[in-house]
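Where a number appears in this text, it was derived from the coordinates with a stated rule and is not lab data. Keep in mind the model is a prediction, meaning the values are calculated, not measured. Every residue, glycine among them, receives a Cβ derived from its backbone with ideal geometry; neighbour counts consider all protein chains shown.
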Amino acid sequence: MTNIITTPAASTAIRRNRVGGLMRGSALTAMIAVGAAMLFLSASPGASALGTSGDGNHDSLVARMHGGGHSHAAMHAHFDKALSQAGASDAQKQQIDAIVKSAMTDEHVDMQRYHASVSQLKALLVADPIDDAAIATVRAGQDKLAVATSRRLTDTAVAVARVLTPAQRVKLGADIDRMLALHGHRQAD
């Protein structure tokens with residue numbers, strides 16, 4: 001049996017590498033999921049309502065979070081370019097589009113459920129007396145919905161990643177690293 005003795009510096013380096021790998025993996029998952037969602041939003045007329053801010057401004061929440069001024073077409077073009085640079089074929093892009101459309105259909109239903117729960121919560125908060133048990137029930141429902149949404153996002157990203165080859169995922173990961181660097185995110189070591 002071999003005993004491995006690590007120094008505090010080595011333990012920190014190992015932890016940093018694990019965190020760095022996790023951060024890069026999370027960034028890849030997020031990029032694939034967000035890019036795929038943007039692909040869907042730009043390609044689907046039925047999803048355009050989600051992409052507007054509600055005040056007549058056509059910049060979506062996601063676009064405004066990334067500095068505004070990014071139309072769905074521009075975001076779709078960027079994601080399509082990233083997939084093309086990664087070497088994705090038209091057939092792969094079509095597969096990805098189908099995966100994302102299915103996930104977004106489910107996501108629309110979840111968003112409707114979430115908005116209904118917010119309305120329920122508002123009604124409970126303005127009632128006299130405040131019903132703590134009913135509020136806890138609404139909150140528990142919101143928690144379940146958030147977990148289901150998170151799982152769907154991850155499952156969608158994994159399904160999209162499986163359409164791509166390992167080499168394509170590496171190229172897409174490099175594009176994500178460049179994007180993160182442009183937006184001021186420091187890569188973990």
**Subset of the range 109-131 (residues that are in contact (Cβ under 8 Å) with a residue 12 or more places away in the chain, touching a Leu at 6+ places or on another chain (Cβ under 8 Å) and not charged (D, E, K, R))** = Met111, Tyr114, Ser117
**Prompt:** Do we have Ala174 as surrounded by fewer than 18 Cβ atoms within 10 Å (Cβ to Cβ) and in a helix (DSSP H, G or I) here?
**Reply:** yes
**Asked** Out of Ala123, Ala161, which single residue is surrounded by fewer than 17 Cβ atoms within 10 Å (Cβ to Cβ) and in a helix (DSSP H, G or I)?
**Response** Ala123
**Asked** Of all residues in the range 159-180, which are of a type in the set (D, E, K, R), in contact (Cβ under 8 Å) with a residue 40 or more places away in the chain and within 22 Å of Lys101 (Cα to Cα)?
**Response** Arg169
**Asked** What residue, among those in the range 126-155 that are within 15 Å of the chain's Cα centre (by Cα) and polar (S, T, N, Q), is surrounded by the most Cβ atoms within 10 Å (Cβ to Cβ)?
**Response** Thr149
